[in-house]
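S.K.: Got a structure for you, written out below as structure tokens; questions coming shortly.
Where a number appears in this text, it was derived from the coordinates with a stated rule and is not lab data. All values reported here derive from a predicted model rather than from experimental measurement. Cβ placement follows ideal geometry from the backbone for every residue including glycine, while neighbour counts extend to all protein chains displayed.
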Amino acid sequence: MEKIVSLCKRRGFIFQSSEIYGGLNGVWDYGPLGVELKNNLKQYWWQVTVRDRDDVVGLDGAILTHPAVLEASGHVDTFTDPMVDCRTCKARLRADQLSEKNGVKQCPNCGGKDLTEARPFNLMFQTQMGASADPASIAYLRPETAQSIFVQFKNVLDVSRKKLPFGIAQIGKAFRNEINPRNFTFRSREFEQMELEYFCRPEQGMELLAYWLKERIKFYEEIGISRKRLHILDVPEKERAFYSKGTFDIEYEFPFGRQELEGVAYRTDYDLQQHIKASGKTLDYFDEETKERFVPHVVEPSAGVDRTVLALICDAYDEDTAPDEKGKMETRIVMRFHPRMAPIKCAIFPLLRNKEPLVAKAREVQELLRPHMNVFYDEGGAIGRRYRRQDEIGTPFGVTIDFETLGEKDDELRDTVTLRDRDSMKQERVAIKDLPQIISSKIR
Ligand code: GAP
């Protein structure tokens with residue numbers, strides 16, 4: 001994990017937020033490569049979840065949430081962690097993270113045994129709207145994106161005229177005042193979710209739960225996460241939310257242990273019923289064929305963007321050996337991102353920076369590829385070192401413009417370049433005009 005955290009900072013994937021002021025605990029900023037990786041992930045999720053399907057539409061709800069929404073959903077009363085204070089070192093600790101010696105609970109910081117009783121601590125961030133400071137101006141930063149989907153269910157149904165089963169999808173920020181943010185970005189206080197609420201008839205719930213679990217595993221494979229590091233936990237009834245008839249956690253083997261990436265839950269009609277009760281509005285569905293009116297049930301695949309980015313980074317990290325400039329074998333760090341997820345798809349290298357025709361040709365190739373993918377131009381240093389820099393950030397393809405490209409050695413090779421594959425390190429000679437098609441077919 002140390003190597004991964006250090007690479008993330010060194011190469012600009014993830015920085016600690018407010019670092020120059022000592023950092024803001026549990027909050028992270030994504031650097032130039034991190035934002036590309038994250039955007040690729042979100043775009044691919046949106047593509048397969050919304051655009052490739054006739055039965056799902058999108059929503060982009062607000063972060064600031066009316067307290068009534070979160071009272072109805074149960075978050076105001078029950079979205080809590082039991083907390084204990086250590087009277088010796090004044091640390092506030094999650095009750096389930098205390099250490100234990102000879103059956104006696106201890107503070108994991110100072111070993112103190114003088115602990116308070118556990119008390120519930122609400123994880124929501126509360127804020128004030130407007131100039132007055134009275135309780136009526138309280139608003140919350142949403143702790144999940146799901147609630148705006150439930151609250152907008154009727155509006156979306158009316159405008160989209162979808163028939164059951166159909167889904168509403170959303171990607172967006174969520175905030176939780178986690179007591180112990182830890183494991184790099186894994187447990188953060190500000191994070192993003194990719195959530196789908198898939199509404200259905202009650203009798204379809206269990207079948208659709210199995211369907212979405214399969215779809216979601218397929219998604220992780222398609223973004224390049226190895227199946228052998230993914231695990232499915234069938235959450236036992238006593239650990240599920242009381243309203244859920246079935247929940248699966250999709251877990252990933254992180255270097256710090258097996259942990260949840262996504263929950264796929266059959267939530268019955270609990271959320272819509274809660275909002276019907278609290279708002280007094282009808283949030284039901286009328287089936288034109290059977291002439292029935294009822295409150296739909298819902299299956300919810302809920303994934304974390306940041307956790308998936310972290311899984312992508314952990315899964316991609318590899319070390320192998322490659323020859324240096326003098327042919328001596330050296331350790332190479334290589335991020336084996338699936339080309340679909342890689343922040344930069346193709347690096348473009350003129351063999352020498354001080355040969356104007358090579359540089360001009362390389363810039364031409366850059367302009368040719370730019371409309372199709374994220375490219376990076378690099379003319380600095382020996383070519384081997386330039387390859388190594390790209391391997392370390394997972395760029396799947398490298399194009400080198402050399403004297404053959406200029407037709408100086410063999411006229412038949414004019415306007416051809418070498419295309420290098422990051423994983424095999426093999427190079428093949430291809431025509432410049434074929435590059436957009438060759439590379440595009442592998443990154444889609
Ligand atoms: N709407 C259901 C829901 O929010 P959840 O299991 O609390 O369920 C769903 O959250 C996903 O959101 C998790 O599987 C995880 O990927 C992500 N997530 C939750 N809390 C997080 C945190 N503190 N930091 C990063 N990601 C988090």
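S.K.: Treat every Asp and Glu Cβ in the chain as -1 and every Lys and Arg Cβ as +1, leave all other atoms uncharged, and give the resulting dipole magnitude about the Cα centre to the nearest 20 debye. Intermediate values should be presented prior to the final figure.
M.R.: Working: 67 positive and 71 negative charges, 165 e Å.
Result for the chain is approximately 800 debye, rounded to the nearest 20.
S.K.: Quick one: which residues, 5 or more positions from Ala91 or on another chain, have an amide H under 5 Å from its amide H? H modelled 1.01 Å from N in the peptide plane, none for Pro or chain starts.
M.R.: Amide H to amide H, under 5 Å and 5 or more residues apart or across chains, Ala91 pairs with Cys86.
S.K.: Helix-only mean residue ellipticity at 222 nm, the chain, DSSP H runs n ≥ 4 weighted -39,500 (n - 2.57), per residue, nearest 500. What is it? Could you put the intermediate results ahead of the total?
M.R.: On the way: 12 runs with 122 residues, N = 444.
Roughly -8000 deg cm²/dmol at 222 nm, from the helical runs in the chain.
S.K.: Scan around Thr127 for amide H atoms under 5 Å from its own, H built in the peptide plane at 1.01 Å from N, and keep only partners 5 or more places away or cross-chain.
M.R.: So Thr127 has HN proximity to Ala139, Tyr140, Leu141.
S.K.: Just tell me which lysines come within less than 23 Å, Cα to Cα, of Lys105; anything on the same chain fewer than 8 places away is out.
M.R.: Answer for Lys105, where 23 Å is the Cα cut-off: Lys90, Lys113, listed by chain and number.
S.K.: Here is a further query. Which distance in nm do the two modelled labels at Thr78 and Ala62 give, with both placed 7 Å along the Cα-to-Cβ direction?
M.R.: 2.7 nm
S.K.: Calculate the length of the line joining the C-alpha centroid of region 355-394 to that of region 111-141, in whole Å.
M.R.: Comparing the Cα centres of region 355-394 and region 111-141, I get a distance of 51 Å.
S.K.: Running a GNM on the chain with Cα contacts under 10 Å, which residue among Gln274, Gln390, Gln128 ends up with the highest mean-square fluctuation?
M.R.: Answer for the Gaussian network model of the chain: Gln128.
S.K.: A follow-up question, please. Compute the signed sum of charges (Lys and Arg +1, Asp and Glu -1) over the other residues within less than 12 Å, Cβ to Cβ, of Thr65. Don't skip to the answer; put the middle values down first.
M.R.: Values: positive: Arg142, Lys173; negative: Glu71, Glu144.
After counting each charged neighbour, the total is 0.
S.K.: With all distinct Cα pairs included, what does the Kirkwood hydrodynamic radius of region 92-174 come out to in Å, to one decimal, could you say?
M.R.: Numbers: mean 1/r = 0.0569 Å⁻¹.
About 17.6 Å, per the Kirkwood formula over Cα pairs.
S.K.: Taking loop as defined by DSSP and a crowding limit of 12 other beta carbons within 10 Å, which GluC sites (Glu not before Pro) in region 266-374 fit? Mind dumping the intermediate values first?
M.R.: Values: sites: Glu288, Glu289, Glu292, Glu319, Glu325, Glu330, Glu364, Glu367; in loops: Glu288, Glu289, Glu325.
Loop-located and lightly packed - Glu288, Glu289, Glu325.
S.K.: Which whole-Hz couplings ³J(HN,Hα) result when phi for each residue of region 111-117 is put into the Karplus expression 6.51 cos²θ - 1.76 cosθ + 1.60, θ = phi - 60°, listed in order with x for Gly and Pro?
M.R.: x, x, 10, 8, 10, 6, 5
S.K.: Give the lysines reachable from Lys228 as a straight Cα distance under 30 Å; neighbours fewer than 8 places away on the same chain don't count.
M.R.: List returned: Lys3, Lys9, Lys38, Lys42, Lys173, Lys214, Lys218, Lys238, Lys245, Lys345, Lys426, Lys442.
S.K.: Could you give me the ³J(HN,Hα) list for region 193-210, computed from phi with Karplus coefficients 6.51, -1.76, 1.60 and θ = phi - 60°, whole Hz, x at Gly and Pro?
M.R.: With the stated coefficients, region 193-210 comes to 10, 10, 10, 10, 10, 10, 7, 8, 6, x, 6, 8, x, 5, 5, 6, 4, 5 Hz.
S.K.: As an exercise, use a Förster radius of 60 Å and the Cβ-Cβ distance of Lys214 and Asp411 to find the FRET efficiency, rounded to the nearest 0.05. Working shown, then result.
M.R.: Numbers: r = 55 Å, r/R0 = 0.91.
The pair Lys214/Asp411 has a calculated efficiency of 0.65.
S.K.: Moving to a separate point now. Find the cysteines in the chain that fail to meet the 4.7 Å Cβ criterion with every other cysteine, and list them.
M.R.: So, Cys8, Cys200, Cys314, Cys346.
S.K.: What are the ³J(HN,Hα) couplings of region 11-18, residue after residue, when phi is run through the Karplus curve with 6.51, -1.76, 1.60 and θ = phi - 60°? Round to Hz, x for glycine and proline.
M.R.: 9, x, 8, 9, 10, 5, 5, 6
S.K.: Order 77-90, 95-108, 162-175 from most to least packed using the mean count of other Cβ atoms within 10 Å.
M.R.: Numbers: 77-90: 15.1, 95-108: 12.4, 162-175: 19.9.
My ranking of the peptides, most packed first, is 162-175, 77-90, 95-108.
S.K.: For Val56, what residues show an amide H to amide H distance below 5 Å, using hydrogens built from the backbone and excluding near sequence neighbours?
M.R.: Gly167
S.K.: Okay, next question. Highest first, please rank the peptides 293-305, 218-230, 135-147 by the mean number of other Cβ atoms sitting within 10 Å of their residues. Please list the in-between numbers first.
M.R.: Values: 293-305: 21.6, 218-230: 15.7, 135-147: 18.6.
Final packing ranking: 293-305, 135-147, 218-230.
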